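Below is one structure, written out as structure tokens, with a few remarks after it.
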Amino acid sequence: MAKTREFGGIKLTEVEKHVWEIPKSGNMNVPARIFASEKLLERIEGDKTIEQAKNVACMPGIYKAAMTMPDAHQGYGFPIGGVAALDAKDGAISPGGVGYDINCGVRMLLTNLTKDEVEPVKVKLIEQIFKEVPSGLGSEGKIRVDDKTLKEVLKKGSRWAVENGYGWPEDLERTESNGEIKEADPETISKEAMKRGRPQLGSLGAGNHFLEIQVVDKIFDKKIAKEWGIEKEGQVTVMIHCGSRGLGHQTCSDFLRRMEHEYADIIKTLPDRELVYAPANSQTAKDYFGAMSASANYAWVNRQMIMHWVRGAFEKVFGKSAKDLGMHLVYDVAHNMAKLEEHEIDGKKRKVYVHRKGATRAFPAGHPELPKIYQKTGQPVIIPGSMGTASYLLVGTEKGFRETFGSTAHGAGRVMSRHEAMRQFRGEQVKADLEKKGIYVRSASWKGIAEEAPGVYKDIDEVVKVSHEVGIGNLVVRVVPIGVVKG
Amino acid sequence: MKYKFLPHTADAKFQAYGKTAEEAFANAAEAMTSVMVDVSKIEAKVKKKISVSSESKEALLYDFLEQFLILLDSDQFILREVTKIKISKGKTYKLEAEAVGDKFSYDKYETMTMVKAVTYNDMFIKEEKDKVTVQVVVDV
């Protein structure tokens, strides 16, 4: 007998270990599928994650199932950690299925340094990075771009960055979509979004965004790790987590408002107004995809510039070139995006908008979209933990490609409100506790540290364990932080 | 009471109050800013004019609050308080306001977190006799 659970009148049946299904009912076009252990299920008991997954299953042109990844929690309209593939001709595209922080994502870069070499200069290094990389509330970048240049950034993405001296040519193929979505249309970005984005290019921002110096702490798959340049435990890596800043937030907002205006009749049929979408064949859908892609390109330039300054900080502190320090990019993944992809569905190849909202693309070995260097291994999938906890590198799998449109989790997922966090933790105390664990933290704000205290997040170890056991993203490497710049 | 916060796991949810919609809207702007900084510590050094028009009252509240996010990102303007506010209804709803605040700087102000966007999630505007309540969730 299959295990069942009941959440607020919704019955879940375990169809496979860690995979729970809610069969089609009412207006659902497909079932909903929840990828979670029983322990992770308990964490979403009482919030709206499951109800929201059911709502997503009602979207037009949705294939297979509305899915939630192991780190899922309640969002607006779509749950965070949600994956939905909608037909690119007869389906739809929805800004709510992407989220406000378009192409929020994460990249990891290598060094050939060991923990012992970095530990003595760690504080200096973090302080140098803090100086080089603008961070915090409303943080302004170090460079000023005019509208013409900003439009070039929006069109060309990471290619613009490399052409202008931010990074190396090899960085491009080590970035999802080469850091440049060709459908990007800068003309669809509003004046307000341009205004917000202009001063912020090349800045980390605030909230849950961070930059970490990490140490490889455990290698699960030696062969793949080696292919990716991770040779041994104790090797130092760097992780950068941020997104498209005010430009992306405003773009999401602009299109939610526009669709709400244009599709009042659609909203009436929806279980939740924040699921509002544009039919795939409409001009609005085309414009949104162009604007979302432009915002995504901005985010890639942002991370590319930040990485360039991080390389510079290492160069300064170690007196060696970044090339000599082996500071190659492993990969850069987006975890708030809708991508136009081809998937085989019921034996037929179809073009779909795969919405990943708080979910990471995880393509298997041999996928044509992967660069040559990862054809044999599959795609590196970077799962950042919260400040002070482990982060992981996983690898995309064949099974994931079949079952979740090549997607897995994106992080830890919050369990405690910011307000509660402020009540329970004090910034100074959190900093002192982290320092006791050997993690040096630098932030423009103490209070901000309390809001992102490790205790407010779900157990990242459990999240990746479930991904691995289901086989939608397999464990390769675990890293732990030794220094953090918190945005 | 000008406003109060309600429990929300990932983001910030608040209700703001006023005798009129104008007062409740102004307090909502303060509430949203208080997610990021201690509003009472912000100096009133810079003046900004705000003008928005929208198709409904809810949309007006959304657009009004969003103006402060745009001002923060583009001009580093952080709100102290809304000093003048007038809502009128013609073909659309129109809002004219004046606000005072300061140019944000880490040397002067401590921050909590950043508000990314206003949302329609659980938004309502309840107008009773002499009491208006607005509820907003902001994405952080």
Check: Per 5 Å bin, what percent of the C-alpha pairs of chain B does each bin hold, from zero upward?
Finding: 2, 10, 21, 25, 22, 13, 5, 1, 0, 0
Check: Of A:226/A:486; B:4/B:48; A:151/A:323; A:124/A:320; A:124/A:447, which sit over 19 Å apart, Cα to Cα?
Finding: A:226/A:486; B:4/B:48; A:151/A:323; A:124/A:447
Item checked: For B:70-82, mean number of other protein chain Cβ atoms within 10 Å -> 4
Next item on the list: Take the alpha-carbon centre of segment A:355-399, take the same for segment A:462-476, and report the distance between them in whole Å.
Entry: 11 Å
Check: Can you give the % of DSSP beta bridges in segment A:1-150 that are antiparallel, to the nearest 5?
Finding: 85 percent
Check: Spin-label point model (7 Å from Cα, Cβ direction): what's the residue A:231 to residue B:84 distance in nm?
Finding: 6.9 nm
Next item on the list: Could you pull out every residue, at least 5 positions away or on a different chain, whose amide H is within less than 5 Å of the one on residue A:180? Hs are placed 1.01 Å off N in the peptide plane, and Pro or chain starts have none.
Entry: A:158
Check: Over 23 Å between Cα atoms, which of A:17/A:458; A:122/B:41; A:458/B:13 qualify?
Finding: A:122/B:41
Notebook entry, point to check: Ranking A:5, A:257 by Cβ neighbours within 10 Å, fewest first, what do you get?
Noted result: A:5, A:257
Item checked: Likely footprinting exposure, A:194, A:1, fewest C-beta neighbours within 10 Å first -> A:1, A:194
Checklist line | q = 0.06, 0.07 Å⁻¹: log10 I(q)/I(0) that the Debye formula gives for chain A, counting C-alpha atoms only | finding: -0.24, -0.33
Item checked: segment A:228-243 - phi-based ³J(HN,Hα) in whole Hz, Karplus 6.51/-1.76/1.60, Gly and Pro as x -> 8, x, 9, 8, 8, 5, x, 5, 8, 10, 10, 10, 10, 10, 6, x
Next item on the list: For segment B:18-107, state which chymotrypsin sites (Phe, Trp or Tyr not before Pro) are in a DSSP loop and have at most 16 other beta carbons lying within 10 Å of their beta carbon.
Entry: B:106
Note to self: Cut-off is 10 Å between beta-carbons; in what order do A:203, A:417 appear when sorted fewest neighbours first?
What the structure shows: A:417, A:203
Check: What share of all Cα pairs of segment A:206-365, in percent, falls into each consecutive 10 Å distance bin?
Finding: 8, 27, 29, 20, 12, 4, 0
Item checked: Residue-averaged 222 nm ellipticity for chain A, from DSSP H runs of 4+ at -39500 (n - 2.57), nearest 500 -> -10000 deg cm²/dmol
Check: Can you give the net charge of the other residues whose Cβ lies under 15 Å from the Cβ of residue A:453, counting K and R as +1 and D and E as -1?
Finding: +3
Notebook entry, point to check: Looking only at other chains, what is the average number of their beta-carbon atoms within 10 angstrom of each beta-carbon in B:116-126?
Noted result: 5
Check: Put +1 on the Cβ of each Lys and Arg and -1 on the Cβ of each Asp and Glu in segment A:4-486; which of A:400, A:284, A:208 then has its Cα farthest toward the positive end of the dipole?
Finding: A:208
Notebook entry, point to check: Once fully extended, how much extra length lies between residue A:269 and residue A:27, figured as 0.36 nm per residue of separation less the alpha-carbon to alpha-carbon distance?
Noted result: 86.1 nm
Checklist line | Inter-chain Cβ neighbour average for residues A:447-459, partner chain, 10 Å | finding: 2
Next item on the list: Report ³J(HN,Hα) in whole Hz for each residue of segment A:201-214, in order, from the Karplus equation J = 6.51 cos²θ - 1.76 cosθ + 1.60 where θ = phi - 60°; Gly and Pro get x.
Entry: 4, x, 9, 6, x, 10, x, 8, 7, 7, 9, 10, 9, 10
Note to self: Quick check on packing: order B:36-43, A:158-165, A:63-70 by the mean number of other C-beta atoms within 10 Å, highest mean leading.
What the structure shows: A:63-70, A:158-165, B:36-43
Item checked: Overall Cα dimensions of segment A:1-158 - principal axes, largest extent first, Å -> 58, 46, 28
Notebook entry, point to check: Across 5 Å bins from the origin, how do the percents of Cα pairs in segment A:157-281 run, short distances first?
Noted result: 2, 8, 11, 14, 16, 14, 11, 9, 8, 5, 2, 0
Next item on the list: Could you please tell me the mean projected area of the C-alpha convex hull for segment A:285-370, averaged over all directions and given in square nanometres to one decimal?
Entry: 7.7 nm²
Next item on the list: Could you tell me what fraction of 2.2 N^0.38 Å the Cα radius of gyration of segment B:33-77 comes to, as a two-decimal ratio?
Entry: 1.28
Note to self: 5 Å is the cut-off here: which amide hydrogens, built 1.01 Å from N in the peptide plane, fall below it relative to residue A:263, excluding neighbours closer than 5 in sequence?
What the structure shows: none
Item checked: Separation between Cα centres of segment B:42-105 and segment A:60-131, rounded to whole Å -> 32 Å
Next item on the list: Would you work out the charge dipole size for the protein assembly as shown about its Cα centre, treating the Cβ of every Lys and Arg as +1 and the Cβ of every Asp and Glu as -1, and quote it to the nearest 20 debye?
Entry: 440 debye
Next item on the list: Pop out the ³J(HN,Hα) list for segment A:28-45 in order, Karplus 6.51 cos²θ - 1.76 cosθ + 1.60 with θ = phi - 60°, rounded to Hz; leave Gly and Pro as x.
Entry: 5, 8, 9, x, 10, 10, 10, 8, 6, 7, 4, 4, 6, 4, 4, 5, 9, 5
Next item on the list: Compute the acute angle (0 to 90°) between the alpha-carbon long axis of helix B:21-34 and the principal axis of greatest extent of the alpha-carbon atoms of chain B; round to the nearest 10°.
Entry: 30 degrees
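FYI, it's all coordinate maths here, none of it is from the lab. Because the structure is predicted, anything quoted here is derived from the model rather than measured. Neighbour counts are summed over all protein chains in view; Cβ atoms, including those assigned to glycine, are modelled from backbone coordinates with ideal geometry.
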